[in-house]
Amino acid sequence: MHRVGSAGNTASSTRPRKEKRFTYVLNYADDAKHCAGINCLSLWKSTSDVSDYLFTGSRDGTLKRWALDESTATCSATFESHVDWVNDAVLAGDNTLVSCSSDTTLKTWNCLSEGGCTGTLRHHSDYVTCLATAENNSNVVASGGLGGEVFIWDLEAALAPASKSSDQMDDDCSNGISTSGSSLPVSGLRSIGSSNSISTHPSQSPGYVPTAAKGHKESVYALAMNGSGTILVSGGTEKVVRVWDPRSGSKTMKLKGHTDNIRALLLDSSGRFCLSGSSDSMIRLWDLGQQRCIHSYAVHTDSVWALASTPTFSHVYSGGRDMSLYLTDLSTRESLLLCTEEHPVLQLALHDDSIWIATTDSSVHRWPIEGRNPQKAFQRGGTFLAGNLSFSRARVSLEGSTPLPVIKEPKLTIRGNPGIVQHEILNNRRHVLTKDSVGSVKLWEITRGIVVEDYGKVSFEEKKEELFEMVSIPPWFTIDTRLGSLSVHLDTPQCFSAEMYSVDLNISGKPEDDKVNLGRETLKGLLVHWLTKRRQKSGPQASANGDMLSARDVAARSLSHSRIEVDGNAENDSSVYPPFEFSTVSPPSIITEGSHGGPWRKKITDLDGTEDEKDFPWWCLDCVLNNRLPPRENTKCSFYLHPCEGATVQILTQGKLSAPRILRIHKVVNYVIEKMVLEKPVDNVSTEGTFPPLPHSSAGDIPFRSGLKPWQKLRPSIEILCNNQVLSPDMSLATVRAYIWKKPEDLVLNYRVVQGK
């Protein structure tokens, strides 16, 4: 588990931001597949004619339910609400799925539903890495994380419906009941499922505090609980196995022996025997009654990250960083290499005569292993005796006697999408070039959320050079690929810093000189479904009872924060221009938060129109509803316009000029034509409509006209130069400044008449 910044606004985020961030995740066309490593597996066994279900939790932030039969696995639901990696998931009872995430929360789900989140539990201060539940007591779940915290949750009490008013909840929040590191209320949390509306779910009950098992000073990576829920074991970077009474949170013993991080733990149903797997490559069997290690197994050549045992605790399956799955007889020490994966093994799940293996890849494999009678597997040959010392297997490997896997191919594969491993934002600030884990290079248009070109397996660097454009547009978004796909982050006011002319975006029916704000139009495109449903629900005006956020509410909120600029060039409506229309076949997912309830994630087409400032950042609503943009950096470019040395033409203006950064050089040419004084006037040049000289002190804006008067059809040809380089008429002032001028001082342009044209 690496310390990486989250894709969303987690409570543990170390990056200070005055305003809440708005993120959208670009989903693959085949959204039924994971696009990042699978951190966890959980198997739901059917007791009727219904198929078994496999639940997978991924680093893409989602969980999926797979309906299983002998030869196929079909995705029947996606559980979407976490805003960062899903690290573990357990089944508690007949239909409750509990998951934990690097977003510092636990979430509960009805595992037989279409993906609705039923509760969010907040108490951890850092990534939540592991869970454990009692087989015979489905109400108890334990959680551990990087903050060194271990909590034992009574799910029924934690999710009891809130009875307090919102004012009381706010008071509770200010009194410190919420311990997630920020002033978030612990009740009325707006947890988002992939098909449920944002509503006050029966989330963490006001005042409920889980039982804390205090003692870890460092990160916790593994937990296990016995069948009745009377014994809990934990392990982590302290290299010791700690044993707890989960009913009180009290420590009962500490077991030493491992020399590195403990990554996997198992308890037998009685709670007497414990198995541990460690980054020291060892598996250890502990007798809790004797409070000592009774066996050590040197099977792996690298870290052991996953363990699964037979029901009788006679055999253990193990996997880890060496990408191998071993079967070991705990009594005879006989071991067998069953199969090898192409990626490190993260978790295992036994299923009848087979085993599911999750790895750092987005695919999951089912291997046939004689699970009901593991002793039969040893009849295949190739067994060896597990050593006692961790270097023994590594030494055998170096000597060239590494065992060969006895199973060559998996029985079934649940394919994932290859995750994005490399990306480059192109200079036009609308396209992003990506390379995925299988080497395929694609071009994404982030203002529409789609792949516009699939180049296949080509050189990423060569394609990046081929697509280079000499254009300069302000960086209005940032991107990361932590979730295996593109997460586009919008932060105010930077996200409103980029503008383009409508003609450059090929927007028909709009004056070509109209400026289009890329951030504003992107937000409109993302929230058009929400806005449509909101208007359907509320009518032409927002509800008077205050349940809906009115324009006046947002205005008051925004004015209390900062000075606001109204985008006077844009129409105050919900129309979305084609360059900003997002796909409804594979719609992006939003990750954001408002004034209450913490971060959430949901597809844009699943928003139901009831979401308001409690769910969205106020600046997003102010932009979409009221057509207002926050104060931005100066969008103008100051420059001087001088004749070239020896030129026979001058223009009727002096001093510093100012124009939009996106202004094209051909507009500067037009300006020179309108203002110039020739030794021999062209066709009785009229000065009507020309602009007075602009003194340096005013540094005002110069109107650059797009149309030409009839007399200008006979105009001489004008060239604009910078640093003695003739500029292309299509260049913008910002591009000239960035690529030609390359100085911090005000830009200097020169003009001259081109003879013979």
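Brief remarks on what is shown
- The simple spin-label model puts a point 7 Å past each Cα toward its Cβ; for Lys214 and Gln650 those points are separated by 8.3 nm.
- The alpha carbon centroids of the stretch 454-485 and the stretch 312-389 are separated by 41 Å.
- Between the stretch 570-631 and the stretch 25-71, the alpha-carbon centres lie 29 Å apart.
- Taking a Cβ cut-off of under 12 Å around Ala213, the surrounding Lys, Arg, Asp and Glu residues balance to a net charge of +2, with basic ones at +1 and acidic ones at -1.
- R0 of 45 Å, Cβ-Cβ distance Gln755-Lys515: FRET efficiency to nearest 0.05: 0.80
- Theoretical FRET efficiency, 1/(1+(r/R0)^6), r = Cβ-Cβ of Ala32 and Asn373, R0 25 Å, to 0.05: 0.10
- Accessible surface area normalised per residue over the stretch 45-155 is 27 Å², counting heavy atoms of protein chains with a 1.4 Å rolling probe.
- When the solvent-accessible area of the stretch 312-416 is split by element, carbon and sulfur atoms take up 50 percent of it, the probe being 1.4 Å.
- Cross-link pairs beyond the 22 Å C-alpha cut-off, checked among Lys18/Lys603; Lys33/Lys435; Lys64/Lys603; Lys515/Lys636; Lys45/Lys602; Lys64/Lys107: Lys18/Lys603; Lys45/Lys602
- Computed about the Cα centre, the dipole magnitude for the stretch 312-416 is approximately 60 debye when only Lys and Arg (+1) and Asp and Glu (-1) carry charge, each at its Cβ.
- Residue-span extension gain [Arg247 to Glu465] - 0.36 nm each, minus C-alpha spacing: 72.3 nm
- Global geometry of the stretch 312-416, whether rounded, prolate or oblate, following the gyration tensor of its Cα atoms and the 1.5 cut on a/c: oblate
- Inter-label distance, nm, simple model (7 Å from Cα along the C-beta direction), Asp94/Lys537: 3.2 nm
- Length gained when the stretch Glu633-Glu581 is fully extended (0.36 nm per residue, less Cα-Cα span): 16.0 nm
- Solvent-accessible heavy-atom area per residue, rounded to whole Å², over the stretch 312-416 at 1.4 Å: 44 Å²
- Taking Cβ atoms as reference points and 13 Å as the exclusive limit, the residues near Val441 contribute a net charge of -3, counting Lys and Arg as +1 and Asp and Glu as -1.
- Gain upon complete extension [Ser46, Asp454; 0.36 nm per residue less C-alpha separation]: 142.7 nm
- Positive-end residue of His666, Phe582, Pro617, charge dipole of the stretch 568-670 with Cβ unit charges: His666
- Counted charge near Leu63, where neighbours are those whose Cβ lies closer than 14 Å (Asp, Glu -1; Lys, Arg +1): -1
- Taking amide H as placed 1.01 Å from N in the peptide plane, Gln422 has its amide H under 5 Å from the amide H of Lys435, each at least 5 places away in sequence or on another chain.
- Inter-label distance, nm, simple model (7 Å from Cα along the C-beta direction), Asn724/Asp353: 8.4 nm
The values are calculated or read from the model by the stated rules, or taken from the named source; none is laboratory data. From a predicted model like this one, the values you see are computed outputs, not experimental measurements. Virtual Cβ from ideal backbone geometry, glycine too; neighbours counted across all protein chains shown. Surface accessibility is based on the protein's heavy atoms, side chains included, excluding ligands, DNA and RNA. Shrake-Rupley method; radii C 1.70, N 1.55, O 1.52, S 1.80 Å.
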